[in-house]
Structure formats: structure tokens, C-alpha cells
1. Could you compute the net charge surrounding B:ARG15? Neighbours are other residues with a C-beta less than 15 Å from the C-beta of B:ARG15; K and R count +1, D and E count -1.
2. Per residue of B:42-52, what is the mean number of Cβ atoms on other protein chains within 10 angstrom of that residue's Cβ?
3. Can you give me the relative contact order of region A:59-108 as a percent, contacts being Cα pairs under 8 Å and 6 or more apart?
4. For a protection proxy built on the mean count of beta-carbon atoms within 10 angstrom, sort B:35-41, B:83-89, B:59-65, B:20-26 highest first, please.
5. What is the average number of partner chain Cβ atoms found within 10 Å of a Cβ in B:3-11?
6. On average, how many beta carbons from a partner chain sit within 10 Å of the beta carbon of a residue in A:69-80?
7. Determine the relative contact order of chain A: mean sequence separation of Cα pairs under 8 Å and six or more apart, normalised by residue count, in whole percent.
8. Report the extension gain between A:ALA10 and A:ASP66 in nm, rounded to one decimal, defined as 0.36 nm multiplied by the number of residues separating them, less their alpha carbon distance.
Amino acid sequence: SQQGEEDPQALSIQEGENATMNCSYKTSINNLQWYRQNSGRGLVHLILIRSNEREKHSGRLRVTLDTSKKSSSLLITASRAADTASYFCASGRSKLTFGTGTRLQVTL
Amino acid sequence: KAGVTQTPRYLIKTRGQQVTLSCSPISGHRSVSWYQQTPGQGLQFLFEYFSETQRNKGNFPGRFSGRQFSNSRSEMNVSTLELGDSALYLCASSFKPPGTEEDTIYFGEGSWLTVV
């Protein structure tokens, strides 16, 4: 079963704009990982944020975590067409439980 | 360093047949886990191995099985295939033992299985 929901389910933006995706989860976590999946491909690890961290950056990515609300967000700044993909959050120490994913479309 | 390698990438099987999928983890990684991805159910955990022992199992029927070899390579097997087994099967590896906090989990490209 899915750990939680991601919002929105689909997002369409223009190149250069920022994209924000949200993830909610149901149970307490030790860390949260974000992944990207291009159509028909495997999952690419983007970032891991620990439960005691509130924000983490990696290049154009910014992830926030609010354990009191059991939610996390992924911000992609200055998006590019190559960012077009599905994005998933996942929780769990090794047995990952995934959100439903957000399909991001970045148009030129 | 090579990533997680899965073979075959694509395969078509007939109902009732069985299939074996293979996974080579990142060099040095000893934890290997498997996931099934379908449009309806999303990404679901199948099982996890560490040091040739199954450490966790998801909620799948006994037709789904796996094993891990001494070199950490893993295989999963699905017997008596059903149409609903059509999915992308993803293998993942990590360095630390199961249950260890803060361990990044890396995925392969997956094996696309179509059951006809």
C-alpha cells in the first residue's frame, strides 16, 4: 500500500519556472528520500532528508520536511525540459514505502 | 562505479510460465531489495535480502520468490505467471544492513515484464 499522497498528481510548467511538489506520509519516519523517474526508466535518487532536518539543498533542488504535519516538499528551481519526469517521495529505513508520485511536464 | 544492473530489460511471457529476473548491486553493496511498479498499485515492496538471507517480505503471494548469492547478486522468480504480474520490476541496493538509518537506496533501470 502507498505510504501517502503526493500533490499535485500532475504539474505542467514552462521552462525557467519553479516546480513545487508535496508529499504527505502516514507514519513516523527516520528519513525521507526523493526520487525521479523518467518514463519507462528506473528511479534516480535525488536527495535524502533526515527526520531531524528541516531543509536540504542539492543544486537546483530544495527539500523541506515538516514532521509535525507529516509532509515534505520538493522544489525544483529554474526548471528545464530535462526535468520532465515523475517524482516520488519514499520513507522507510530499507523497506521503502512510496507516495503516488507527481508527473511533472516542463515545456519550452 | 557501475550502478545497479538488471537483466533482462524487457521480456514477454505467457500465462502459466515462470520468469527469473537478475540484479547486480552496486559494487560493495550487500543489501538488495525488489519492487514491483504497476499503474494501478504504484511502487510496492516485494522483498529484501542481506547476506544471502531474506530480511523483509512484502505482501505478495508465494509465487514471488527471490534469493541472494554470496557475491550479493540477486534473482527473483515469479512462477505460474498471471496477466496481473505485468509490471516494471525494480531492483535496489544499499550499503548498510537492513533497518539502518540514513542509507541511500539506489535503483536499477528495471525489467519490464509483459504477460500475455
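1. That sum, taken over residues with Cβ under 15 Å, equals 0.
2. 4
3. 30 percent
4. Result, highest mean Cβ count within 10 Å first: B:20-26, B:83-89, B:35-41, B:59-65.
5. Rounded to a whole number, the mean comes out at 1.
6. Rounded to a whole number, the mean comes out at 0.
7. 39 percent
8. Length gained, A:ALA10 through A:ASP66: 17.9 nm.
The numbers here are math on the coordinates, done by the rules we state, and not lab data. These figures come from a predicted structure and were not determined experimentally. Note: ideal-geometry Cβ built from the backbone for every residue, glycine included; neighbour counts use all protein chains shown.
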